Amino acid sequence: MTKVRVKKRNVTIAIGIVVVGIVLVAGIFRWKQELDYQKTYEFKLEEHGYSKEDTAFLIEKLEDKELDHLLELEMDQNIIKFMKETYYLKKNLEKYLAYQKEHPEDELSNIVAIINVGADKDWYSEYTETDLSKDYLLLCNKFHQLPENYTPEDLTKVKNWYAYGDDPQLREEAYSQFISMYNAAKEDGQDLIINSAYRSYQYQDDLYGKYLEWYGQQETDAMAARPGFSEHQTGLSMDIMTYGANASTFEATEEFTWLKNHAHEYGFILRYPKGKEYLTGYEYESWHYRYVGIEAATYIYQHDITFDEYYAYFIEGE
Ligand SMILES: [Zn+2]
């Protein structure tokens with residue numbers, strides 16, 4: 001062999017080694033990349049059955065801890081749909097899913113509303129003392145009770161001019177806002193009269209007790225709130241009437257139509273609307289208005305939701 005040929009062979013071997021080396025390194029690199037990819041949520045979620053689009057949505061929307069939890073749940077298309085609901089609350093996801101399984105015919109937005117306000121449970125079956133620090137936005141319903149000794153500090157006497165009956169009282173701001181509303185209605189030729197305003201715990205206790213004797217529990221619960229659960233105890237609620245009308249005829253009056261269109265401008269809402277009985281726990285009451293402030297009242301009016309739903313989402317939230 002000549003020196004030249006030996007040299008050539010050595011060069012060939014060297015090149016071969018380099019090539020094999022490059023291929024090996026590239027292979028290892030790609031293998032490592034693949035392993036890293038398998039650790040990503042993108043990979044895990046797609047493996048779990050979510051589409052590329054849903055996967056991107058979930059990654060953007062959730063924190064790592066929540067994604068881990070999601071991977072433990074059975075893949076369910078409704079998870080994404082619930083998350084896209086306007087009033088979706090993270091803490092309720094599993095409840096939505098469980099409720100949906102039992103009520104597959106219900107609309108998802110309705111399921112969200114039911115779970116958020118707790119209306120999947122029987123009225124009064126579970127309740128907590130309500131958070132009084134929420135002030136004008138405090139919630140009093142069949143799951144949120146006012147303390148027995150709760151009397152608003154700023155109760156103000158309503159002038160007889162505005163009301164039927166003896167010495168009705170309202171909280172200061174609710175009263176002054178009512179006067180503004182009263183005057184505006186008057187200018188439009190409407191007469192608003194307060195039929196009932198603040199009622200004490202004791203009053204409701206007596207009333208409820210009386211009904212209980214006469215009608216029994218079931219009928220009484222359909223007619224009157226249990227003591228501590230009446231919104232009238234907040235001093236923020238009032239029953240509004242007009243001359244010559246009563247509970248069954250008020251809805252047909254011009255005053256009712258006026259209130260329907262304008263009450264929110266003064267911070268009032270129709271508290272127990274028609275068709276929302278399953279959320280509020282109360283029969284439709286065309287005469288019962290609650291002061292929540294102009295911002296909340298306007299939102300509730302424009303989005304056609306109940307105060308219970310508003311509270312669950314905006315006040316209580318996550
Ligand atoms: Zn009322």
*Output the relative contact order of the range 76-120, whole-number percent, from Cα pairs under 8 angstrom with separation of 6+ residues.*
41 percent
*With axes computed from alpha carbons, what is the tilt in degrees of helix 52-61 against the longest principal axis of the chain, rounded to the nearest 10 within 0 to 90?*
60 degrees
*Whole-Hz Karplus ³J(HN,Hα) for the range 304-318, in order, using 6.51 cos²θ - 1.76 cosθ + 1.60 and θ = phi - 60°, x for Gly and Pro?*
6, 10, 8, 5, 4, 5, 4, 4, 4, 8, 8, 9, 7, x, 5
*Residue-level accessible surface for Lys186, protein heavy atoms, 1.4 Å, Å²*: 90 Å²
*asked:* With a 1.4 Å probe and all protein chains kept in place, how do Trp214, Trp161 rank by accessible area, largest first?
replied: Trp161, Trp214
*By how many degrees, between 0 and 90 and to the nearest 10, does the Cα long axis of helix 108-117 differ from the longest principal axis of the chain?*
60 degrees
_Using 0.36 nm times the number of residues separating Thr86 and Glu318, minus their current alpha carbon distance, what extension gain do you get?_
82.1 nm
*the chain: projected area of the alpha-carbon convex hull, averaged over directions, in nm²*: 25.8 nm²
_Within the range 43-116, trypsin sites (Lys or Arg not before Pro) in DSSP loop having at most 12 other beta-carbon neighbours inside 10 Å_ = Lys84
*Can you pull the semi-axes for the range 76-120, root of five times each eigenvalue of the Cα gyration tensor, sorted largest first, whole Å?*
13, 12, 9
*Accessible area, probe 1.4 Å, largest first, for residues His288, His69, His144*: His69, His144, His288
*Using a 1.4 angstrom probe and counting only protein chains, how large is the accessible area of Asp135 in Å², to 10?*
60 Å²
*asked:* Please give me the summed charge of the neighbours of Phe250: other residues whose Cβ is under 15 Å from its Cβ, Lys and Arg +1, Asp and Glu -1.
replied: -4
*Could you sort Ile114, Ile59, Ile17 by accessible area so the largest value comes first, with the probe set to 1.4 Å?*
Ile17, Ile59, Ile114
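Over the chain, what is the mean sequence separation of C-alpha contacts under 8 Å (at least six apart), divided by residue count, expressed as relative contact order in percent?
RCO, the chain: 14 percent.
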*Pair Val19, Asp64: separation of 7 Å Cα→Cβ label points (nm)*: 4.3 nm
_Portion, in percent, of the accessible area of the range 128-316 that falls on carbon or sulfur, probe 1.4 Å_ = 46 percent
*Taking springs between alpha-carbon atoms closer than 10 angstrom, which of Phe268, Phe307, Phe143 fluctuates most in the Gaussian network model of the chain?*
Phe143
*What's the angle, to the nearest 10 degrees (0 to 90), between helix 294-303's Cα axis and the longest principal axis of the chain?*
70 degrees
*Do you know the relative contact order of the range 140-222, to the nearest whole percent, from alpha carbon pairs under 8 angstrom that are 6+ apart?*
25 percent
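The values are calculated or read from the model by the stated rules, or taken from the named source; none is laboratory data. What you are looking at is a predicted structure, and each value in this text was computed from that prediction instead of being measured. So basically every Cβ, Gly included, is an ideal-geometry build from the backbone, and we count neighbours across all protein chains shown. Note: accessible area is taken over every heavy atom of the protein model, side chains too, but ligands, DNA and RNA are not part of it. Shrake-Rupley method; radii C 1.70, N 1.55, O 1.52, S 1.80 Å.
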